[in-house]
1. Cα centroid distance between segment 9-55 and segment 130-207, in Å?
2. Where does the longest stretch of the chain lie that holds no chymotrypsin sites (Phe, Trp or Tyr not before Pro) found in a DSSP loop with 15 or fewer other Cβ atoms within 10 Å?
3. When the chain is modelled as a GNM with alpha-carbon springs shorter than 10 Å, which of LEU236, LEU62, LEU130 fluctuates the most?
4. Any number yet on Rg/Rh for segment 23-118, C-alpha, Kirkwood?
5. Treat every Asp and Glu Cβ in the chain as -1 and every Lys and Arg Cβ as +1, leave all other atoms uncharged, and give the resulting dipole magnitude about the Cα centre to the nearest 20 debye.
6. Please give me, ordered by residue number, the trypsin sites (Lys or Arg not before Pro) of segment 94-197 that lie in loop per DSSP and have at most 13 other Cβ atoms within 10 Å.
7. Under a cut-off of 15 Å between alpha-carbon atoms, report the aspartates and glutamates in cross-link reach of LYS190, not counting same-chain residues fewer than 8 places apart.
8. Name the cysteines of the chain that stand alone by the Cβ rule: no other cysteine Cβ under 4.7 angstrom.
Amino acid sequence: VASLQDSSISTSTGFSYWSPPSVTSARFQGSGNVISLTFDQPTDQGGMGTSSSCSAILPSLLGLGAASPPSCTWISSSQVSILLGQGATVIPGNSIRVVNVRTLNGISHKSNSQAVISVPNVPTPPAVELYAPQKIDACSQLVIQTSSASSRPLTYQWSCLNDNSLNATLSLLPTSASIVTFDPSSTSLKTGVTYMIALVVTDFMGISSTQQVISVERVQSPIPQIKMTPSSPMQLQPNQDVLVTVSAEYS
């Protein structure tokens, strides 16, 4: 600062400017149940203390959980973890905005920054299992069932590895088809042929499972069907007795 009357008279001072924290990374973790936010500097954690309410730092919770709200946990002063609620619909490419976060010393203005959410650095591929009988007779229905532990709907891509005709039929199934059924009258399965039926599932982040394959043969001779009573699944209490009966019958 210089004097207007005498320019030879001046003084100076120093000051520090503390810029508001900014989100430098927003990324899904693992199988997509968690989003990790990283800031460019240590923060005051939005003054959350021991609270896990995301509304303290996120102005919008849209897409982060419909049936139940998300929860936010600070891993460090510069990283917060968002556990998505049930019914979350947020996907990679969506943006997330963070407010009310100051520098660690609390001097800066409140943050108002956003980042685009990306896929995990090390994704966890979805897992799926196939269930079907190894053999069916000409009068039996074939049902191929699947089991997965994904928190969101998967897309299903069915194929047959050793029969072009069946492969063409399976390729027409909707991507939501988690169960495949062939009636006894179906011409897709011929007797005396062992079919290698394969499945790949893909999650909402575009990450695919390893290919699962199951072998099914249609035979001409009748095959007895085993039935158990009570049927599975069943719930039992500790030390509870249960009587299981098994019967065999032809279709």
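1. 48 Å
2. Numbers: sites that count: PHE15, TYR17, TRP18.
My reading of the result: 19-251 is the longest stretch.
3. Judging by the Gaussian network model, the answer is LEU236.
4. Working: Rg = 12.4 Å, Rh = 13.2 Å.
Reported Rg/Rh, Kirkwood definition of Rh: 0.94.
5. Working: 9 positive and 11 negative charges, 52 e Å.
In total the dipole reaches around 240 debye.
6. LYS190
7. ASP137, ASP163, GLU217
8. That list is CYS139, CYS160.
Read-outs throughout are calculated quantities, based only on the coordinates presented, and are distinct from any laboratory measurement. None of the values given here were measured: they were computed from a predicted structure. Backbone-built Cβ (ideal geometry, glycine too); neighbour counts: all protein chains shown.
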